[in-house]
Amino acid sequence: MNQHVHHPARTRRLVRLVAGLLALGLVAAACGDDDDDATTPATGETTAPSGDTTAATTAGPGDTTTSGDSTESTEPPPDATTTVPAPVGDPEEVDGFDGETITVGAVLDQTGPLAFVGTDLLVGAQTYWDFVNEELGGIAGKYKVEIKVADSKNEAPVAVQAYQQIKGDVVMFTNILGTPVTKAMAEFLVEDNILAIPGSLAGEWVRNPNFLPYSAPYEIEMINGVEFWQTNLEGAGQTACTFAQNDSYGESGLTGLEFAAEKYGFEFAADTTYNSGDTDFTAQVTELADAGCEVVFSVSTPREQTGLMTGARSLGFEPVFIGTLPSFLSLLAGGDNGAAFANFYLVGDGGEFGDPEIPGMKNFLDRVEKYGDGAAPSTFLLTGYTATLAAHAALEKAVALGDLSHEGLVNAVQQLGEVDFEGLAGNYTYGPPDERVPPIESAIFRFDPAKTDRNLLALQEVVESPFAKEYVFAG
Amino acid sequence: MATDDTALRLLPTRFSRVSIGLVVAVGVLVPFVVSGDFWMTVLVSAGIFAMGAVGLNVLTGFTGQVSLGHAFFLGCGAYTAAYLGAARGWPLPLWLLAAGVIGGVIGGIVGPFALRLKGNYLVVVTLGLVFIGIHIFENWDRVTGGTNGTSTSQAELSLGFTDFRSFSIPGKDFSELQGLYYLVWILAGLFVLVSANIVRSRPGRALQAVRDRDVAAEVVGISLPRYKIGAFVISSSMAAMAGAMLGVQQQFVGPTSWNIFLSIQYVAIIIVGGVGMVSGAVLGALFLGPLPEIVEKYSDKLPFLYEVKGEGGIVSIAAFNEMLFGALLIVFLLFEPRGLAALWLRAKARFRTARSTP
Amino acid sequence: MDKFLNLLVAGTALGSIYALVALGFVVVFKSTGTINFAHGGFVLLGAYLTYNYSVTWDLPFIVAMLMAMATMAILAVILERLVLRKLVGQPAFTVIMVTLGLLILIQQVQQSIWSTEVLLDDPWGTDQWELGGVVITQVRFFTVLFAAIVVLGFFLFFRFSAWGVAMRAAAIDQEAALAQGISVARVFAISWAIAGVVAVVAGVMLGADSASVNSTLSFSALRAFPAMILGGLDSPLGAIVGGVVIGVTEVMTTGYIEPNAEWLGQGFHSVMPFVVMIAILVLKPTGLFGSRAVERV
């Protein structure tokens, strides 16, 4: 079970963003912040410059879809590509599309200990679709989007059943929560050839044609975490250790850490694990302390990470902690717990939460205010919102190709080029699975008790390990 | 069930023969009438609940012992189906029987220890069993897939001459769900037969004596431990077979599903249905099992429910379902502790009286 | 740092939390003879109510805790009166199932009111004392202190107060107690009220220990069962001793057994208490301090 505390956008990406738009040669206004203007082209959508190899081989100019564009044209942009043989008209009615409304699926926790995460993810997604429906008129300016929700209760089998129950009512799955749940659903998504946005950032989704991942995978996060420690914290020669959750989420982070250890030439002095739900970490702390660890890389979830660090501090053991994105929740770093976070760094994506300089962040805050029904913007809300940007891009593409069927969506992603997440996450280049390029930069945040907004993290550094590019995602 | 002479016959009266015949006929015909996936899924789940509940009823209903360990045995069966049925490709009768045997053997090992205790203590010990079970399921990676769980979608559902995943009779092809429906309800029917026969048998009457008067039963020469352990073994074995079917129906087995709330669900089913009555277990399964799905399906008719927060409404559908479950459990125990079956018996009595007084 | 001593301190603190939870089970069991599973829900609600009064309403922490205690006492009495009172004389399992039904209801009500996990604005800071290589944090100190105070209070109450004596009488023989003019109904109500009050202390300490107050607290409360069984279901002193033994066992398992016995599996410490519990039940069912004979045939 992973809680994805998602973070915000990266400011330094603006340069790249602008360059990408210039290469497109159109809609320079697309990155404008003026989201209230209904003529703003849909976000998240810009796409590969035509020179991009991926796009060139598969999609061609059709890739420059400007969804829901200002003219409210009823037709998707003309498609000049030769790889799509059928003439493009209105998509046929298929599962999850009745000719007017597109239904997407969500399988996440609505009851149980992670219900509040599931709820926030949904509100985030709903906020984005409200914006699309209200201000852009829907997908391609005319098809409204609706979410169909099923409760996963934090149980893989429940999620699989929920999936089976609603798969016939949706065009794709846009919101899932948790690595184990995603892993369990994977087999069935492949079998049914249905597209889904994975509920975790594990690297194993990168090469799977039935997944539409976003943001840098945990493996990359941890490689960049090591880079930050070695370079910025001058950690070479120090003793490093690990602390990981005892499941597939923990494994994916550890894979990245082992890769990095080999490349940077060091070994971990102690590897500790825990079970989700543990509350006492004295044993792990003593093991880490006895091994003389100076830095502890954590692939964990917030409650346990907080428990580890408060436990360590109470025993006078205060190494540097570098955690994956899901290891931190601002809420838990408040009050007395804060002292234990003094040496905590989080590896994430994007920039600081709430930073209005980031175009996507400004849009997000404005839209939550407008469509969020009083919900307070939170990091989980942002995660649900950001994932929906990817879904939006895929749906626009599928409509442009005239096919909203399950297969049509999987196919659409194969022809999707680079998607811009407005600085909320790194740009992701889709296309055929083996050619996908996830973002390989990471933003390092540091705990900052002086911050008063909802996120107690301050952007410290943007790093890209020279080895991150070399990491091979299994096919 | 009554312990008078009529109970010695499986179907004592013409009324019961006719009504059982009707129930079976309706059961067979359902897939011809109902084709929608929704209702078939609901009925398949209910059938699996019925299998497990009939099993639990053998223990709780006949010995008065309540166990919260049912989930553990269900889990054992589900992993047997996953490991032998899906991973090893054993045929249906073999993995199903293997599940029953494994459940029975584990029940036979645990039973003697557990059954030395009564009431509160048995509840707590079986609760411990569930926690230990989850730990084993999470760690025996080679068999259970560990915390990631394991898929059962490849489990063989064929009987050689017919495959429950896709079978047909002249003039009609059945879907996989409809096939599963027949399979689980045939099994549930068998369990009902077995358990009704236990009621009639000498051991069965002894078991009820155990339930009603421990010490007196012992005095008249009923060997308590033997019968109680026997009840535990049968109950565990049926639970494991129900778990095997549940594993196959879910298509995926994970370790944390086999928790105490699953056990509570089964106990609730036999309470709501009517403890001690075989028909009660089936009625309870038919009523409580599908309830969450039905509430969800008709949730738009209930304005206080919401699917996505912020749509209006007070509670989410999922939370409401849990509340409803808790409330039903309390209401039945307070106001109709003999459950739906008692309501049915009363209705039947009224019907008879009405008929005999023209 | 001394591993053994530090683990001992951690185990004692964890055990004191188990003991605080177990005391709530014990007080109800002592007078009514049933295990009240809904107590897990009381612990959960107690923690959230304290949060609500202290953070949301911005009252001083001690006032908030007292108000939460009052609220829980009233709620427990209402539940006892409306639901449990009707079950007097029913088999143990009927009552247990009703309390399980209440537990499920309370959990969902909590989640519908407070959907997120929250931090208590508790007064014990992050200060700590070091004594010869052993670190004692304020939270742990207070946990142990509260557990000791509660158990002392129990002892005095049962020994010297009229109601305490009445409760003991009712526990021994309800009919005889009735004949002596003791209102058994009132005894039940009082024991439930006490359970509600103790649940607030347990919930607050559990929340402080596990970094946040969240919906899994009711589940954590179930983990106090082994402590209760070990100590005997009806002995407050037993709950304390049982709690500490189980807490220390659990922490020592992580520290010494798990690293050396990988075949036991990851996180074996969390089931170790149940293994101990089952062994105890099989070997000595009355627990270490229990007086009531376990019903065995």
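FYI, it's all coordinate maths here, none of it is from the lab. Everything numeric here is computed off the predicted structure, so don't read it as measured data. When we count neighbours, we look across all protein chains shown, and the Cβ atoms used for this are built from the backbone with ideal geometry, even at glycine.
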For the protein assembly as shown, with +1 on Lys and Arg beta carbons and -1 on Asp and Glu, the positive-most of B:Thr256, A:Gly253, B:Phe49 along the dipole: B:Phe49
Entries in A:Lys263/A:Lys451; A:Lys153/A:Lys263; A:Lys370/B:Lys301; A:Lys183/C:Lys3; A:Lys144/A:Lys362 that, when Cα-Cα distance is taken, lie over 30 Å: A:Lys263/A:Lys451; A:Lys153/A:Lys263; A:Lys183/C:Lys3
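For C:Lys30, C:Lys284, what ranking results if the residue with the fewest other Cβ atoms within 10 Å of its Cβ goes first? Numbers along the way, then the final one.
Values: C:Lys30 22, C:Lys284 13.
By the 10 Å Cβ count, ascending, the order reads C:Lys284, C:Lys30.
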At q = 0.09 Å⁻¹, base-10 log of I(q)/I(0) for the range C:1-126 (Debye sum, equal scatterers on each alpha carbon): -0.33
C-alpha center-to-center spacing [the range C:172-218, the range B:68-99] in angstrom: 42
Size of charge dipole - the range B:5-259 - debye, nearest 20, with Cβ of Lys, Arg +1 and Asp, Glu -1, no other charges: 860
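Does chain C classify as rounded, prolate or oblate by the C-alpha gyration tensor (a ≥ b ≥ c root eigenvalues; a/c under 1.5 gives rounded; else a/b over b/c gives prolate, otherwise oblate)?
Judged from the Cα gyration tensor, chain C comes out oblate (a/c at least 1.5, b/c at or above a/b).
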Shape category assigned to chain B from the gyration tensor of Cα positions, a/c cut at 1.5: rounded
Neighbour-count ranking [beta-carbon atoms within 10 angstrom, fewest first] of C:Phe160, C:Phe37: C:Phe160, C:Phe37
Most positive-pole-ward Cα, B:Phe174, C:Thr56, A:Ala393, against dipole of the protein assembly as shown from beta carbon charges: B:Phe174
The range C:246-255 - phi-based ³J(HN,Hα) in whole Hz, Karplus 6.51/-1.76/1.60, Gly and Pro as x: 5, x, 5, 4, 4, 5, 5, 4, 5, x
Packing-based ranking, highest mean first, of C:139-148, C:176-185, A:301-310 given that Cβ atoms within 10 Å are counted: A:301-310, C:139-148, C:176-185
Among B:Asn148, B:Asn57, B:Asn259, residue whose mean-square fluctuation peaks in a GNM of chain B (springs only between Cα atoms under 10 Å): B:Asn148
Cut-off under 5 Å, modelled amide H: who pairs with A:Ala342 long-range: none
Fewest-first sequence of A:Glu407, C:Glu80 by Cβ atoms within 10 Å of each Cβ: A:Glu407, C:Glu80
Kyte-Doolittle mean at least 1.6, axial Cα span of 18 Å or more - DSSP H helices of chain B: B:14-33, B:92-114, B:260-273, B:317-335
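Below 13 angstrom from the Cβ of C:Ala185, what's the summed charge of the other residues (Lys, Arg +1; Asp, Glu -1)?
Numbers: positive: C:Arg81, C:Arg85, C:Lys86, C:Arg186; negative: C:Glu80.
For residues surrounding C:Ala185, the net value is +3.
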Spatial separation of Cα centroids for the range A:410-475 and the range B:245-264, in angstrom: 36
For the range C:3-283, with +1 on Lys and Arg beta carbons and -1 on Asp and Glu, the positive-most of C:Gln266, C:Leu66, C:Leu14 along the dipole: C:Leu66
Helix-derived mean residue ellipticity, 222 nm - over chain C, DSSP H n ≥ 4, -39500 (n - 2.57), to 500: -22000 deg cm²/dmol
About the Cα centre, charge dipole magnitude for the protein assembly as shown (Lys/Arg +1, Asp/Glu -1 at Cβ), debye: 7580
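Need one value for C:115-121: mean number of C-beta atoms belonging to other chains within 10 Å of its residues' C-beta atoms.
Values: counts 9, 9, 9, 3, 9, 2, 3.
Mean shielding by partner chains, rounded to a whole number: 6.
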Between the range B:103-154 and the range A:300-321, the alpha-carbon center distance in angstrom: 33
Dipole moment magnitude, nearest 20 debye, the range C:3-283 about Cα centre, only Lys, Arg, Asp, Glu C-beta charged: 760
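Could you tell me which of rounded, prolate or oblate describes the protein assembly as shown, using a ≥ b ≥ c as the square roots of the eigenvalues of the alpha-carbon gyration tensor, with rounded for a/c under 1.5 and, failing that, prolate when a/b is larger than b/c and oblate otherwise? Each step should come with its number before you reach the end.
Working: a/c = 1.91, a/b = 1.28, b/c = 1.50.
Oblate, because a/c is 1.5 or more while a/b does not exceed b/c.
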Amide hydrogen neighbours beyond the local backbone of B:Val315, cut-off 5 Å, H modeled: B:Tyr306
Using a Förster distance of 35 Å, the FRET efficiency for B:Arg202-B:Ala349 (Cβ separation, nearest 0.05): 0.75
Long-range HN-HN contacts of A:Val94 with modeled amide H, under 5 Å: A:Gly99
